[in-house]
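Heads up, the thing below is written out as structure tokens.
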Amino acid sequence: MSTQRLPDHFMWGGAVSANQCEGAWNVGGKGISTADVAAAGQHGQGRTYTETVLENTYYPNHGAIDFYHRYKEDIALFAEMGFKCFRTSIHWTRIFPQGDESEPNEEGLAFYDRLFDECLKYGIEPVVTISHYETPLHLVKQYGSWTNRKLIDFYLNLCRVLFERYKTKVKYWMTFNEINVITLNPLIAAGIRVEEYADKEQILYQAAHYQFVASAKAVKLGREINPDFQIGMMMLYPLSYAESCSPEDNLENMHNMDLHYYFSDIQVRGYYSPKAQKFLERKGITLDITDEDVRDLRAGTVDYIGISYYMSLVTSSNPNRKIVVKGNMLEGIANPYLEKSDWEWQIDAVGLRISLNHLYDRYQLPIFVVENGLGAVDEKIEGQMIQDDYRIDYLRKHIAQMKEAVLQDGVDVMGYTVWGCIDLVSASTGEMKKRYGLIYVDRDDRGEGTLNREKKKSFNWYKEVILSNGDSLD
Ligand code: BG6
């Protein structure tokens, strides 16, 4: 392998999730998911989740960007950019509207057949997240979602149906989006209304265990159905730096990162490490783990690690340090060396190189950067192309650092997909104004607009990046 170029098979592409782009929330027999009861938030604010779908409340995911009906046009644009792959997810409630049925909804399955066929027509490899921030609302109400062991079986029913149905169309899978977010935002990540429970940590770490088992069983099942499947885990990579060179700050930072390695260690290695066990012990958490769970975890370790990476944070051992900056799921101390996005996320391209090194040193598994991008306000002037140089700048710097990780440090990165390659609904705030896309969608925060698609300046830039296999970043 040349040390100067990315490998020829490098998977360039873009990423979205079903709930943030499909819309058609009640079309084709689809049931209601947690994303369908998430009302819009304000700039930088979290969203309110209602008990059920209320009248006179605006739910941005209901219509989203209507990808459900416009996917052909959108995939044609992705193909024009030269995408080698396209990451999306399955809306669980299109396949099992309630989540606990024994028979799937054929209309939902047929939609994803059409979608994957359209990708394959252009030679675009679908990369599929099985569960990305939407849980069937019925499972939430009836079973308490992932607090209940029964969810493992419901999830596996979904996996079995998907693996059987799409075994010749989809090779790359991820079991859960950002599995480490369950303790940070349990409702969005796992449909858990944690305020209902007294012992929150006990509940959340138990639910995480059920997800680990579900994921491991899915990996095992997938390999039985098609041994060529590549099934990965996916985590939000939470890079943080110690605020100073004091050993105390560095120890605190290590503990901070360990909260997240807890998740990847189990999914990559197949067992709870001594450190994880001590952590649970210290917290007074006792997990319901059966002997069969232990065997399943060992048998279902993942093939690769998918990460989202947007920003980095700073940790201090001093609890009085209060210069807080926030991402969508994490918060920390401001870093004076970094600039911030319109939503105050600290931009740190070198941090991506560091993150890839950390992960590869730890696991020696291929890493797939399945989310990276800039949420920004784009100024739309009628008749003119959006000049999103700030987005190009962000992507250029991050891709350059990813290349350094591969070419200088020897990290095995299998691909890179820009998050929100087409404008979509923000997961954390529900805004459309927070745009990530290389393709503009005419839709605003009140759900108004023609839904027309237009290329931004970044569209042509990324096309060149892919065409040159990452050589041309100017
Ligand atoms: C990740 C999620 O946390 O960040 C995506 O996997 C999300 O679903 C992305 O959209 C960007 O965050 P936000 O909150 O700006 O949409």
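Here are some notes:
- Ordering N226, G108, N253 by the projection of their Cα atoms onto the charge dipole of the stretch 11-467, which places +1 on the Cβ of Lys and Arg and -1 on the Cβ of Asp and Glu, puts N226 at the extreme positive end.
- Centre-to-centre separation between the Cα atoms of the stretch 321-352 and those of the stretch 423-455: 24 Å.
- Rounded D (µm²/s) - the chain, Kirkwood Rh over Cα pairs, Stokes-Einstein at 25 °C, 0.890 mPa s: 109
- Among the GluC sites (Glu not before Pro) within the stretch 1-85, those in coil by DSSP and having at most 15 neighbouring Cβ atoms inside 10 Å are E51, E55.
- As a rough footprinting exposure proxy, the listed residues F83, F459 were ranked by other beta carbons within 10 Å of their own, and the order from fewest upward is F459, F83.
- Counted by Cβ distance under 13 Å from A39, the other residues give a net charge of -3, where Lys and Arg count +1 and Asp and Glu count -1.
- Cβ-placed point charges (K, R +1; D, E -1), dipole of the stretch 208-260 about Cα centre in debye, nearest 20: 520
- Cα centroid separation - the stretch 460-474 against the stretch 171-222, whole Å: 37
- Helical runs (DSSP H, four residues minimum) scored at -39500 (n - 2.57) apiece and divided by the length of the chain put the mean residue ellipticity at 222 nm at -12000 deg cm²/dmol.
- Straight Cα distances below 17 angstrom link K403 to the aspartates and glutamates D8, D348, D361, E371, D393, D412, E464, D471, D474, with same-chain residues fewer than 8 positions distant left out.
- When you filter the chymotrypsin sites (Phe, Trp or Tyr not before Pro) in the stretch 332-383 for DSSP loop state and at most 14 other Cβ atoms inside 10 Å of their Cβ, you are left with Y337.
- Exposed trypsin sites (Lys or Arg not before Pro) absent: longest stretch of the chain, with sites in DSSP loops and at most 10 other Cβ within 10 Å deemed exposed: 1-321
- Placing +1 on the Cβ of every Lys and Arg and -1 on the Cβ of every Asp and Glu, with nothing else charged, gives the stretch 11-467 a dipole about its Cα centre of roughly 560 debye.
- Annotation: the residues D423, D36, sorted from fewest to most other C-beta atoms within 10 Å of their own C-beta, follow the order D36, D423.
- Along the axis of the charge dipole computed for the chain (Cβ charges of +1 for Lys and Arg, -1 for Asp and Glu, origin at the Cα centre), the listed residues I466, V16, W419 are led at the positive end by I466.
- Each of L356, A198, A334 was placed along the dipole of the stretch 11-467 (beta-carbon charges, centred on the mean Cα), and the one lying farthest toward the positive end is L356.
- With K and R counted +1 and D and E -1, the other residues having a Cβ less than 13 Å from that of A276 yield a net charge of +2.
- The stretch 33-96 and the stretch 264-312 have their alpha-carbon centroids 30 Å apart.
- In loop segments of the stretch 270-311 as defined by DSSP, the chymotrypsin sites (Phe, Trp or Tyr not before Pro) with at most 16 further C-beta atoms inside 10 Å of their C-beta are Y271.
- Diffusion constant of the stretch 373-437 at 4 °C, which comes from Stokes-Einstein with the Kirkwood Cα-pair radius and 1.567 mPa s, µm²/s: 96
- Neighbour-count ranking [beta-carbon atoms within 10 angstrom, fewest first] of L151, L187: L187, L151
- Net charge over other residues, Cβ less than 13 angstrom from the Cβ of D258 (K, R count +1; D, E count -1): +3
Readers should treat all values here as calculations from the given coordinates under stated rules, not as data from a laboratory. Not measured: the values here are computed from a predicted model. Quick reminder, even Gly has a Cβ in these numbers, built from the backbone with ideal geometry, and neighbours come from all protein chains shown.
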